[in-house]
Every structure is written in structure tokens, then in C-alpha cells.
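What follows draws every value from the coordinates through simple rules; no lab data is involved. Note that the coordinates shown come from a computational prediction; the quantities given were computed from them, not determined experimentally. For neighbour counting, all protein chains shown are included, and Cβ atoms are generated from backbone atoms with ideal geometry for every residue, glycine included.
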């Protein structure tokens with residue numbers, strides 16, 4: 001594969017539905033042939049069993065073959081070790097959920113799905129751009145299954161109190177938003193914050209927020225080399241460029257932790273950003289769509305809405321960072337054909 005727009009998700013109409021349900025589940029076109037007996041297929045993963053069961057329950061009325069598909073939820077803390085040990089002993093599941101960050105660790109333990117089964121063109125047309133990082137020279141190491149996008153949570157009451165009716169659409173909107181919403185006690189003590197940006201230690205999802213800024217600025221972060229292996233390309237400059245996109249994005253990010261700036265909104269002494277948002281003292285929080293239910297449970301009285309992640313004004317393509325999880329077939333699968341049919 002040549003240069004990819006890695007980790008990018010092109011924002012289509014379906015993205016709105018992803019935000020509303022908190023997590024998106026994708027299936028490739030074609031997929032399962034009605035009436036095909038796939039046999040027993042066991043899937044391992046860390047996704048909540050009720051969510052996976054809902055997917056299976058949706059499929060089963062349309063095809064009885066899914067009656068023998070079983071999902072087993074595993075503890076995230078021990079999942080990787082349990083998988084590796086099971087595979088080493090010649091056992092384990094027929095399919096397993098694997099995140100993009102894990103795919104290199106499992107690449108030698110996965111059966112590549114050849115392009116004769118799922119063509120590269122069909123894969124690219126069926127799945128989001130980020131999914132292309134599952135592709136190798138001979139085929140797909142996994143098929144995209146779950147996408148959890150980074151979104152913007154905003155406190156409606158804090159916006160209303162500041163006389164602001166709508167959430168920010170672009171990153172530069174925060175430069176004027178911050179002095180209107182943030183409340184300081186003295187020179188640097190933040191009592192109420194407009195947005196959690198600028199530092200690392202107490203900002204939930206700081207790595208993902210920065211990755212999102214890098215990607216939107218034009219840094220690919222990661223790509224595949226000529227052998228098909230994932231390699232880091234963070235900070236690489238385009239030919240003829242005098243600055244790299246990551247540096248520009250980082251300068252913008254850190255501005256919100258600089259007390260000398262009018263946009264100053266955050267420092268290391270504040271609570272964790274997700275805790276501060278849940279308590280009602282943070283106007284904008286960047287988190288994953290799957291966190292929606294967490295805030296609803298933590299503070300039922302919190303009035304907030306969810307919106308797409310801000311964009312760089314003038315960029316033609318909307319994009320955001322997301323956590324992508326795929327379905328992979330281990331080499332130790334006892335039912336490779338059935339596993340492939342279910343994954344497709």
C-alpha cells in the first residue's frame with residue numbers, strides 16, 4: 001500500500017448515528033450467505049457482552065447459522081496474556097477482537113485474509129480509511145468491526161451562562177471562547193475551565209487529542225513501509241515544507257496552559273478533565289463516544305450535548321481520531337471457514 005490517510009475517519013451521515021449510540025459496529029458488504037452453516041464459532045474480546053449479544057441477536061433472526069456463534073467477554077487487564085497463552089497451547093477462540101494498537105503484536109499469530117476472499121478494493125470501499133492499516137501485502141490481518149470516535153462533549157449551562165448559544169465548530173473558535181467561559185482566581189488559579197487542553201498529566205485522552213490535532217494538521221503519524229509493516233512517521237515534513245504539521249498543532253495545544261495568554265484555561269493542579277466535566281466545572285471535554293453512558297451515570301443532572309470534534313477552518317475534509325477494533329482469525333482457529341464467514 002502507498003501513503004495512507006492513517007487513522008482518519010471521513011465524516012459521513014452515519015457518523016451522527018455513531019455518536020448517538022456511543023459506538024459504531026461495521027459489517028462489510030456481501031458478508032454472510034443466508035443458509036450457510038458456519039458451525040460453532042467462538043469469539044473472544046473485551047467489549048461488553050451485552051453489546052455484542054445485541055449484535056448477534058440482530059443477526060440470528062435473519063439466519064439460524066448464527067445460533068452457534070458464541071461471544072466470550074474477557075478482562076482487559078489479562079486479555080492479551082490469556083490470548084497468547086491459549087494460542088501457544090493450540091487453543092483459544094476462532095475469532096478475536098484486536099485493536100489497531102495491538103495488531104503488530106499479533107501479526108505472526110493471525111491468519112491473513114487473502115485478497116482473493118476480500119479484495120483490497122472492496123475493503124477500501126466498505127470500511128473507513130483508518131481500517132486500511134489492517135491491510136498488508138497479501139491481505140487483511142483483520143476486518144474493521146467497532147469504531148469509537150473522539151467527540152466533543154459540551155456543557156450547555158456553562159455556555160448559556162457565558163451568553164454562547166452554539167458549540168465551537170473550529171479549533172480557532174476556542175481562542176475567543178476561553179476568556180468568555182473560563183473563570184480565574186488571581187493570575188493563574190483556574191476555578192472554571194472552558195476547555196481541557198495544554199498539558200498531559202491530568203487531561204484524559206491527551207494522547208488521542210494530540211493525535212487528532214496532528215492528523216487534521218496533515219501529519220500521518222503512522223504508515224506502512226515497503227514490507228507492509230507499520231512504521232512511525234510522526235513529524236515527517238512534506239517535500240518543500242519549512243515546518244512540520246505536528247509542531248504547529250503542539251504549539252496550539254500548549255497555548256491553553258500558558259497563563260500569559262488570554263486563552264489560558266488549564267493547568268496541572270486541576271482535577272482530571274473527565275472528573276471536572278462530570279462535576280460541571282469544565283465547559284468542553286474531548287472524550288470517546290463510548291463515554292456517553294459514563295457521564296449519564298455519574299451526574300444525571302448534568303446538561304450536556306455531544307458534537308463532532310472541531311476541525312481546522314478551511315480544511316475541505318472533516319476527520320477525527322478514533323479507536324478501531326477489528327475481527328481477526330488466529331492460526332489456531334478450529335473453524336477457519338466459519339470464522340471467515342462470520343467476520344465478513
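Compared with the direct C-alpha span, the chain from residue 248 to residue 262 gains 3.2 nm at full extension, assuming 0.36 nm per residue.
Order these by the 10 Å Cβ neighbour count, fewest first: 266, 44. Intermediate values should be presented prior to the final figure.
Numbers: 266 25, 44 21.
The order, fewest Cβ neighbours first, is 44, 266.
Would you mind calculating the gained length between residue 116 and residue 165 on full extension (0.36 nm times residue separation, minus the Cα-Cα distance), in nm to one decimal? Could the numbers behind the result be given before it?
On the way: separation 49, 0.36 × 49 = 17.64 nm, distance 5.26 nm.
Gain on extension, residue 116 to residue 165, equals 12.4 nm.
By definition, a body whose alpha carbon gyration tensor gives a ≥ b ≥ c is prolate when a/c is 1.5 or more and a/b is larger than b/c, and segment 150-316 fits this prolate description. Distance from the C-alpha centroid of segment 268-342 to that of segment 177-206: 21 Å, rounded to the whole angstrom.
At 0.36 nm per residue, and after removing the present C-alpha to C-alpha distance, how many nm does the segment from residue 173 to residue 75 gain when stretched out fully?
Working: separation 98, 0.36 × 98 = 35.28 nm, distance 4.06 nm.
Length difference between fully extended and current span is 31.2 nm.
Label-to-label distance, residue 68 versus residue 191, with points set 7 angstrom from Cα along the beta-carbon direction: 6.7 nm. For the pair residue 305 and residue 279, label points projected 7 Å from Cα toward Cβ lie 2.7 nm apart. Ranked by the mean number of other Cβ atoms within 10 Å of their residues, highest first, the peptides 169-181, 274-286 fall in the order 274-286, 169-181.
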